[in-house]
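Structure, as structure tokens:
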Amino acid sequence: MLRLRYTLFFASLLALPACNDQLDFYPHSSVSPDNTSEKDMDALLYGMYNSVQNSPGRESYIFYDLIGGELMNPSGGNQLAFINNFLRPEYSLIGNAWDGYYRALYQVNNVLASIAPFSETQKKREINGTAHFFRAYLYYNLVTRWGGVPLLEQNTNEKVSRNSEEEVWNFIERELEAALPDAPDYVVNRYYYVNKDAVQALMARVKLARGKTQEAAALAEGLITSGRYKLDVFEKIFRKQQNTEVIFAFENLTEESSITLSTLFYTYSHTVKGSYVYKPTDDVMQNLFEANDKRKPISIDVVQGLNVINKYPSGQAGTDPFIVTRLAEMYLISAEAQGMVGLNRLNELRQARGLAALSPSSEESYLDAVLLERRRELLAEGFRWYDLVRTGKAVSTLGIESHRQKLPLPESEIILNDQLEQNPNY
């Protein structure tokens, strides 16, 4: 239930497991926002990073790959049945993600409430910009999953109803506009912290999702041509080496993070071990990458005859960064938003990844080419399902029923909050 009796996380606090029946949390290491002072600003900032990074759970980062036809149960089976199994109101990952995003939101709202009375300093402004960015990021994840959801600008004990999808999208844009002037400036190789470029990159993604193509292209082009980034060696991006492509990522340090993505993909026979919960589909393994695609060996691999995702290399030994925004996505946003006028951006990305230039004959074939490049570039980074939904291709590509283009609200939330309405046909 969206009842918020939530006290303040501090930097040392790790993500807490969600309660089954309501969102009431009493962390052991916490204080009331009313008791904070300006000396607590660093703790407020790092606690917010920690909660946004951890609370939604590790599957939330790859959920769109799970329901987008890119990943599969290692034991095989019917792909559509695999997808439909996730899209159930009672399924744990549905409830965990809902709880997690709202749990992180409560933390962000607490930070904004806590710093409001503080003196106007550079540090306060930067925390404010970061908090507004995170609020936009959380609501982007909520609206693309469930459509209209409750908008909470302040924490409350009241039962709340859903806002419209349009209201949520408008709120996201306002939050990013609020974040931009206060967010920290870009610093070379400091991409594990929110900065103004991260705000701009997320805004480009939002504009594309809303069909505001001219604005999306302009925002993406601003980052491409800024001189601060360039397409880099694919291995550097996913092997935690300094690179010129990442705009913002969660570092997911082992001592503070529960986002152990690698264990989901590697087998126990791999040198770093793993639990092998999901594998890339046969289509991904056999058809997605051309032989000379430089992304292939970093994206997928075969370990003792078993197919694995290879982007997250730590295995059971630790955690890996999760990239939120990077330059290649900006190339793809610009290419898609401009239509065939943006063909040069698509081909520049392809050539950087070892592929030949394309010459599509129609806007339809061009869009298909862009979406295929997005699949290759962004595999296991949480994009595929919503790419299909927003371009009207989910039903035909995945074989799902039309109503499954939105996730069901968790069954427990519907039972406990009579102000919430379930998405149609669930």
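The values are calculated or read from the model by the stated rules, or taken from the named source; none is laboratory data. Every value quoted in this text rests on a predicted model; they were computed, and no experiment measured them. Here Cβ is always computed from backbone atoms with ideal geometry, including for glycine, and neighbour counts include all displayed protein chains. Heads up: the accessible areas ignore ligands, DNA and RNA and are worked out on the full protein's heavy atoms, side chains in. Shrake-Rupley method; radii C 1.70, N 1.55, O 1.52, S 1.80 Å.
Look at the Cα gyration tensor of segment 118-206: its axes a ≥ b ≥ c give a/c of at least 1.5 with a/b at or below b/c, and that counts as oblate. By definition, a body whose alpha carbon gyration tensor gives a ≥ b ≥ c is prolate when a/c is 1.5 or more and a/b is larger than b/c, and segment 266-379 fits this prolate description.
Label sites at residue 253 and residue 359, each approximated as a point 7 angstrom past Cα along Cα to Cβ, lie 5.3 nm apart. With protein chains left intact and a 1.4 Å probe, residues in the chain average 39 Å² of accessible area per residue. Between residue 170 and residue 73, the distance separating the two model label sites (each 7 Å from Cα on the Cα→Cβ line) works out to 4.4 nm. Between residue 300 and 310, the built amide H atoms are under 5 Å apart, and every one of these is 5 or more places off in sequence or on another chain. The sum of -39500 (n - 2.57) across all DSSP H runs of n ≥ 4, divided by the residue count of the chain, sets its helix-only mean residue ellipticity at 222 nm to -14000 deg cm²/dmol.
Taking a Cβ cut-off of under 10 Å around residue 354, the surrounding Lys, Arg, Asp and Glu residues balance to a net charge of +3, with basic ones at +1 and acidic ones at -1.
Mean-square fluctuations from a GNM of the chain, with a 10 angstrom spring cutoff on Cα atoms, peak among 305, 274, 47 at 305. Once you order the gyration tensor axes a ≥ b ≥ c over the Cα atoms, which shape class does segment 339-382 get: rounded for a/c under 1.5, otherwise prolate or oblate by comparing a/b with b/c? Here segment 339-382 falls in the oblate category.
Per-atom-type breakdown for the chain gives carbon and sulfur 47% of the accessible area (1.4 Å probe, protein chains only). When the scattering of the chain is computed by the Debye formula from its Cα atoms alone, each counted once and equally, what is log10 I(q)/I(0) at q = 0.12 Å⁻¹? For the chain at q = 0.12 Å⁻¹, log10 I(q)/I(0) is -1.02. Charges were assigned to the Cβ only: +1 to each Lys and Arg, -1 to each Asp and Glu. The resulting dipole of the chain about its Cα centre is roughly 760 debye. Between the beta carbons of residue 282 and residue 395, assuming R0 = 22 Å, the FRET efficiency works out to 0.55 to the nearest 0.05.
Highest average first, the peptides 229-238, 194-203 ordered by how many other beta carbon atoms sit within 10 Å of their residues are 194-203, 229-238.
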